[in-house]
Amino acid sequence: MKKRVLSTRGILPGRGLDRLSEAVEVVACPGTGKPAAADLAALASGVSGVLALGNDLADAALMDAAGSSLRVVSLASMGYDNVDRSAAAERGIVVTHTPGVLAETTADLTFALILAARRRLGAAAASLASGSWEVFRMHDHLGLDVHGATLGLIGYGQIGRAVARRAHGFGMRVIHHDPYAPDDDLSAPVDLATLLAESDIVSLHVPLTEDTRHLISAGELAAMKPTATLVSTSRGGVVDETALLHAVREGRLHSAGLDVFEREPMGAELSPLVSEPHVVTLPHIGSATEATRAAMVDLAVDNILDVLAERPARTPLPGGPAVPRARTTTEARA
Ligand code: DGY
């Protein structure tokens, strides 16, 4: 009998889901919306794997709903703040994510946000579309230069480094703060206070953890130049959005470019940041190109197929196991 795998979505980019269906029985959540936790739990019983997205909650309740057959929770995302890692560890479940396939695409989007926020592209495009371009004036739509500016990267992993490479094409000085990253010749390591004080653009590339939650709050915003731009393509919770809103409204920060928010998705209940003229906002599209999203699903599927075939997962979470722990007889009976 084929093993069963729960996919939190019935439609995903690329051919990954088809490949998965050739090997296992895929139980997919119906519809195209974000599935409710109760619906996922109802479908999970007896599955050996769960294929989930970065904003689907993979908690102890879902793992318990699957039961002792569950071997792998595979995320089609680089971020993994949606997974209860301790619950997975207690149950011997492997958790995987998708590094290595989305850094370049997310770095492209980071640069789009940097340019859009510094040059105020959203406000300029809206003004054109509103029919109010009657005359060319030297003082309209003035922004701040990106070329030659100092870029400060908080988090210097795959995405941070890909942003640094692009920044050199713009003649930027690049500095970074990341106690864990190896040095290279693209960027100079500095402490956080120096980065905040010297950067014209601060771009966030850290995962959301208990250590990074509200890493950028009122104090950090006050330490930035009033002409600076804050950009985030990491996770919403890294920035205290209320503090950011005040800083931008009060002119203590030039601008911000955000692809991620504390509350996602937003639906019609928009964050006030969305309508701020100096803030460019996008609906979490950092990795959203056809090729990259397909590659993410492919890697997530490969991780499931590996674990279910008793091979080590290709990309387990940092510090996490690549093979599931054998269940004790009592666990297996549960
Ligand atoms: C990621 O890969 O973490 C992206 O943010 C999509 O979830």
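The values are calculated or read from the model by the stated rules, or taken from the named source; none is laboratory data. This structure is a prediction, so every number in the text was calculated from the model and none was measured. Using ideal geometry, Cβ is built from the backbone for each residue, glycine included, and neighbour counts are taken over all protein chains shown.
Picking from residues in the range 83-111 that are within 15 Å of the ligand (Cβ to nearest atom) and among the hydrophobic types (A, V, I, L, M, F, W, C), the one that is surrounded by the most Cβ atoms within 10 Å (Cβ to Cβ) is V83. Might you let me know whether the range 134-148 holds any residue that is assigned to a helix (DSSP H, G or I) and aliphatic (A, V, I, L, M)? For the range 134-148, residues assigned to a helix (DSSP H, G or I) and aliphatic (A, V, I, L, M): absent. Against the list (1) touching a Lys or Arg at 6+ places or on another chain (Cβ under 6 Å); (2) part of a loop (DSSP other than H, G, I, E, B); (3) not aliphatic (A, V, I, L, M), the condition F111 fails is (2). Here the range 233-269 is the region considered, the condition is being of a type in the set (D, E) and more than 16 Å from the ligand (Cβ to nearest atom), and the residue that is surrounded by the fewest Cβ atoms within 10 Å (Cβ to Cβ) is E269.
To keep it simple, each residue is scored yes or no on (1) within 13 Å of the ligand (Cβ to nearest atom); (2) in contact with a strand residue (DSSP E or B) (Cβ under 9 Å, 6 or more places away or on another chain).
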site	(1), (2)
A38	no, no
N55	yes, no
A58	yes, yes
G67	no, no
S74	yes, yes
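Restricting R327, R314 to those that are within 16 Å of the ligand (Cβ to nearest atom) and of a type in the set (K, R) reduces the list to R314.
Can we say V280 is surrounded by 17 or more Cβ atoms within 10 Å (Cβ to Cβ) and modelled with pLDDT of 95 or more? For V280, the condition - surrounded by 17 or more Cβ atoms within 10 Å (Cβ to Cβ) and modelled with pLDDT of 95 or more - is met. The residue list A162, A167 contains one member that is part of a helix (DSSP H, G or I), buried (at least 22 other Cβ atoms within 10 Å of the Cβ) and of a type in the set (G, A, S), which is A167. Pairing residues of the range 234-261 that are under 18 Å from A123 (Cβ atoms) with residues that are acidic (D, E) and at pLDDT below 95, at Cβ distances under 6 Å and at least 6 apart in sequence or on separate chains, gives no pairs at all.
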